[in-house]
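The structure appears right after this line, and notes come after that.
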Amino acid sequence: MTASRGHRRPALALAGTAAVALAAQFGPTATAVAPLRRRLFPRLAGAGRPGRIALTFDDGPDPESTPRFLDVLAEHRVRATFFVLGTMLVRSPWLAADLVAAGHEVAVHGWEHRNLLARGPLATYRDLARTRALVEATTGLAPRFFRPPYGVLTGPALLASARLGLAPVLWTRWGRDWRATATPDSVFGTVTAGLDGGDTVLLHDADCAADPGAWRATLAALPRLLAECRRRGWVVGPLGAHR
């Protein structure tokens, strides 16, 4: 009996170590559940000052679509935060300068639009570090914020972002604007359903991880969304002014 128990101890210890490792890797993914995120982790969700709305865009920059968003934002005198992908930015590095010149924030979305659940600590760190370095090189500014693809955080992503001085921020409202069935009305209706002061809105200025041309519905909905925010008395701006 004693020998049997002795054999069990290493196995139990190994199981315990594996459980801790799994919790570290997958535990933070619970923050992908929006209601839970908003209630338990308001800063991570992007909750900010009640008189403001933070406007954010993911997956760019794209020379076909991003300049059109910049034109609309300039027309309405609104600044936003753009979470860029390294693979997109390296193809059109001049767009980073355009974003900064227009007063927008440039933040890290990752090098590729890949779920970080499939990446280990070293690969995750290299992904974020590489993107952060490119953003700083093309804008002249160190990025402040990080948003993982699909909004899925992992333990390694949290550790890597902390080492790189990046604050993880997800969102409280989105437009579901990546689908082929998205329309200007559906994007506007989805964002504004329950929209409140202090929210962070997620939209997309490119379709590299969406149905082709999906950004057109977002672009068409944007002026109406900005007008609605003004009507409700909210100031729309980037994350840096929201916190």
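The values are calculated or read from the model by the stated rules, or taken from the named source; none is laboratory data. As the structure is a prediction and not an experimental result, all values here were calculated from the model. With ideal geometry, Cβ positions are generated from the backbone for all residues, glycine too; neighbour counts draw on all protein chains shown.
Could you tell me which of the residues Trp178, Trp171 is closer than 18 Å to Pro42 by Cα, of a type outside the set (D, E, K, R) and either in contact with a helix residue (DSSP H, G or I) (Cβ under 9 Å, 6 or more places away or on another chain) or part of a loop (DSSP other than H, G, I, E, B) (or both)? Give the steps one after another, and end with the answer.
Details: Trp178 fails: closer than 18 Å to Pro42 by Cα.
Within the list Trp178, Trp171, the selection yields Trp171.
Name the pairs whose Cβ atoms lie under 6 Å apart, with the first residue in segment 209-225 and in contact (Cβ under 8 Å) with a residue 12 or more places away in the chain, the second among the aromatic types (Phe, Trp, Tyr), and 6 or more positions between them or separate chains?
Ala210/Trp178; Ala214/Trp178; Ala221/Phe188; Arg224/Phe188; Leu225/Phe188
Pick out the one residue from Thr192, Thr172 that is polar (S, T, N, Q), under 16 Å from the mean Cα position of the chain (by Cα) and either under 19 Å from Gly48 (Cβ atoms) or at pLDDT below 95 (or both).
Thr172
Which condition number in (1) charged (D, E, K, R); (2) closer than 28 Å to Ala220 by Cβ; (3) in contact (Cβ under 8 Å) with a residue 40 or more places away in the chain is the one that Arg130 fails?
Evaluating Arg130 over (1) charged (D, E, K, R); (2) closer than 28 Å to Ala220 by Cβ; (3) in contact (Cβ under 8 Å) with a residue 40 or more places away in the chain leaves (2) as the failure.
From Tyr150, Tyr125, which residue is among the aromatic types (Phe, Trp, Tyr) and buried (at least 18 other Cβ atoms within 10 Å of the Cβ)?
Tyr125
Going through Leu159, Leu116 one at a time, which residue ends up being modelled with pLDDT of 95 or more and either more than 30 Å from Arg224 (Cβ to Cβ) or not acidic (Asp, Glu) (or both)?
Leu159
Can you name every residue in segment 103-116 that is loosely packed, with under 15 Cβ neighbours inside 10 Å and hydrophobic (A, V, I, L, M, F, W, C)?
none
Among the residues of segment 177-184, is any touching a Lys or Arg at 6+ places or on another chain (Cβ under 8 Å) and at pLDDT 95 or above?
Restricting attention to segment 177-184, the residues satisfying the condition of being touching a Lys or Arg at 6+ places or on another chain (Cβ under 8 Å) are 182, 184.
Filter once more, so that each one left must be at pLDDT 95 or above: 182, 184.
Yes - at least one qualifying residue is present in segment 177-184.
Of the conditions (1) within 24 Å of Leu89 (Cβ to Cβ); (2) surrounded by fewer than 18 Cβ atoms within 10 Å (Cβ to Cβ); (3) without any contact (Cβ under 8 Å) to a residue 60 or more places away in the chain, Ala241 fails just one. Which one is it?
The one condition Ala241 does not meet is (3).
Looking at (1) buried (at least 17 other Cβ atoms within 10 Å of the Cβ); (2) over 26 Å from Leu85 (Cα atoms), which is the one condition that is false for Leu222?
(2)
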